[in-house]
Each structure stands twice: as structure tokens, then as C-alpha cells.
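Just so you know, all these numbers are worked out from the coordinates, no wet-lab data involved. None of the values given here were measured: they were computed from a predicted structure. Cβ placement follows ideal geometry from the backbone for every residue including glycine, while neighbour counts extend to all protein chains displayed.
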Amino acid sequence: MTGAEVLDIATQGIWTLLIVSMPMMLVGLIVGVVIALFQALTQIQEMTLVFVPKIIAIFITMLIALPFLGATMSAYMDRVVDMIIVGF
């Protein structure tokens, strides 16, 4: 295995990680901003108000995106296994 092949596998792994984590991160960001705006408008400064809606929104997003996440990770694993079987 050459250095270029190792870097290729690592690059694909990092892209897969970003693609898999992106839906939850975006939903967490959007919910956090909305709740921060709500807190700023109502002057409610409760620190724990952010956590429960964020956790619920991220959990629901994960349930909805689970088939996509599984397919993406499975495709990456198939590529890695094919490289192992073929011997690069």
C-alpha cells in the first residue's frame, strides 16, 4: 500500500464523517440560534433551556436521517473492504 492510497482512504473517511454528521450539526445549530433569539427577545436567561430542545431535535433528525446515514457508512465500508480484498 502506498502513501497515496492511505491518504485516499483517509480523505474518503473524513468526507464520510462530515456527510454523516452534517444533518445533526445543522439542526443543532438552527435550534440553538432560534432559542438564543427567543431568549434575547424575552430576556429569559436560563442556561438549561437550550439543551432539551436541542437534544430532542437532534434525536428526531437522527431517526429521520438514519437510512441515509447507514447507506453512506455502508458505501464507505464496501469501498474499504473491496480495497482489502483486491489488495489495492
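Of everything in the range 27-84, what is more than 30 Å from Met1 (Cα to Cα) and either basic (Lys, Arg) or not in a helix (DSSP H, G or I) (or both)? Give them in sequence order. It would help to see each step written out before you state the result.
If we filter the range 27-84 for residues that are more than 30 Å from Met1 (Cα to Cα), which is where we start, we get 27-68.
Listed by number, the residues that qualify are Gln43, Ile44, Gln45, Glu46, Val50, Lys54.
Residues are listed down the side, and each one gets a yes or a no for (1) within 14 Å of Val80 (Cβ to Cβ); (2) in contact (Cβ under 8 Å) with a residue 24 or more places away in the chain:
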{"site": "Gly3", "(1), (2)": "no, no"}
{"site": "Gln12", "(1), (2)": "yes, yes"}
{"site": "Trp15", "(1), (2)": "yes, no"}
{"site": "Ser21", "(1), (2)": "no, no"}
{"site": "Met25", "(1), (2)": "no, no"}
{"site": "Ala36", "(1), (2)": "no, no"}
{"site": "Ala40", "(1), (2)": "no, no"}
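Just give me the residues in the range 61-78 being more than 23 Å from Ile9 (Cα to Cα), small (Gly, Ala, Ser) and loosely packed, with under 13 Cβ neighbours inside 10 Å, in sequence order.
Across the range 61-78, there are no qualifying residues.
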